[in-house]
Amino acid sequence: METGVTHELAIGLGAGGERLGEAVAAWLAVRGHSYAESSMGEECLLVYDVDRGALASLAAELAAAFPGAVALRHTALQDDAWQGVWDPAGPTGAVTVGTRTLKLAEGTAFGQGDHASTEAALRALESWTGSRGAMLDVGTGTGVLAIAAHVLGYGPIVGTDLDESIVAEARVNAERNAVDPRAATFVCTSEIPAGSYALVTANIPAPALHLLMPALVKAVAPGGALILAGFVEKEADALVAASGLGEAARSDVRGWTGLTLSSPAR
């Protein structure tokens, strides 16, 4: 598999429209594939995978199951491409949470506070009034959301990222902000850690969110929340639909959106 690349399979529905879309969606669901509806004004379903071979096999199966009815298009998406859209209006290296100002070391990790998606995620985090308990931050970057959650009373906390050097930066930032290492653990992994969390956050691009959605939703404890950021407004509705959770809040910050999705209490 290619590091840092997510593959998108666009399934064009053409003249088949809604009826064909329902049939393809059901076919995908039976086989355990999550999907999103295109937000670009075309009749299209989107499937994401980091394994190009697996997606190619899926495309072949689709073509055989719906001969001549669907148009298939593959696109390789760089997972960090969105990070080049910087937003200079935000602060750099310091983030305020409640009455605390978090100090973040300058490094290569995303989440210095100078991107609107980070601000959207922080707004959602501060606004959520659910119970404080275990917290999981997927794609932790600088660790800013995990550190902010610690300030707000969450714990224990687990932050994950794909690069050991990024995880090391998160650990440094946690130490700079007096977070006890026993209260917040940062690990390098592509897996969603097992457990049930009162709060799960993920500030990563929409394709990665769709790919991880089933595991993210599964990690949320009953009555807990899933906070998503890292995408623009036109991508939000598809993410809400893919999650199957209730939308508790939505915020837009300079064109970027933060979602708070709530899991029903049992």
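The values are calculated or read from the model by the stated rules, or taken from the named source; none is laboratory data. Because the structure is predicted, anything quoted here is derived from the model rather than measured. Reconstructed Cβ throughout: ideal geometry from the backbone, glycine too, with neighbour counts over all protein chains shown.
Quick one: in region 8-36, of everything that is in a strand (DSSP E or B) and modelled with pLDDT of 80 or more, which residue is surrounded by the most Cβ atoms within 10 Å (Cβ to Cβ)? It comes out as Ile11.
Could you say which residue among Thr201, Thr185 is of a type in the set (Ser, Thr, Tyr) and under 12 Å from the mean Cα position of the chain (by Cα)? It is Thr201. Out of region 208-250, which residues are among the basic types (Lys, Arg) and more than 20 Å from Met135 (Cβ to Cβ)? Result: Lys234, Arg250. Of all the listed residues (Ile157, Ile166, Ile204), the sole one being farther than 23 Å from Glu126 by Cβ and out of contact with any Leu (no Cβ under 6 Å at 6 or more places or on another chain) is Ile166. Condition test on Ala116, is it small (Gly, Ala, Ser), at pLDDT 90 or above and touching a strand residue (DSSP E or B) at 6+ places or on another chain (Cβ under 7 Å)? Criteria not met by Ala116.
Taken together, the residues in region 37-70 that are modelled with pLDDT of 85 or more and of a type in the set (Asp, Glu) amount to 1. The criterion of at least 3 residues that are touching a strand residue (DSSP E or B) at 6+ places or on another chain (Cβ under 7 Å) and of a type in the set (D, E, K, R) is met by the following helices (runs of 4 or more DSSP H) wholly inside region 148-266: 164-176. Taken over region 17-32, residues that are touching a residue at least 24 places away in the same chain (Cβ under 8 Å) and aliphatic (A, V, I, L, M) amount to 3. The conditions of being assigned by TED's automatic domain parsing to the domain that holds Lys103, over 17 Å from the mean Cα position of the chain (by Cα) and at pLDDT below 90 are not met by Pro156.
Out of all the residues in region 209-234, which are over 21 Å from Asp161 (Cα atoms) and surrounded by fewer than 22 Cβ atoms within 10 Å (Cβ to Cβ)? Hits for region 209-234 are Ala221, Pro222, Gly223, Val232, Glu233, Lys234. Beta carbons closer than 8 Å, at least 6 apart along the sequence or on distinct chains, pair a first residue in region 247-266 that is under 20 Å from Ser196 (Cβ atoms) with a second that is among the hydroxyl-bearing types (Ser, Thr, Tyr) and buried (at least 24 other Cβ atoms within 10 Å of the Cβ) for Ala248/Thr260.
Among the numbered conditions (1) hydroxyl-bearing (Ser, Thr, Tyr); (2) within 15 Å of the chain's Cα centre (by Cα); (3) farther than 19 Å from Leu259 by Cα, the only one that Thr118 does not meet is (3).
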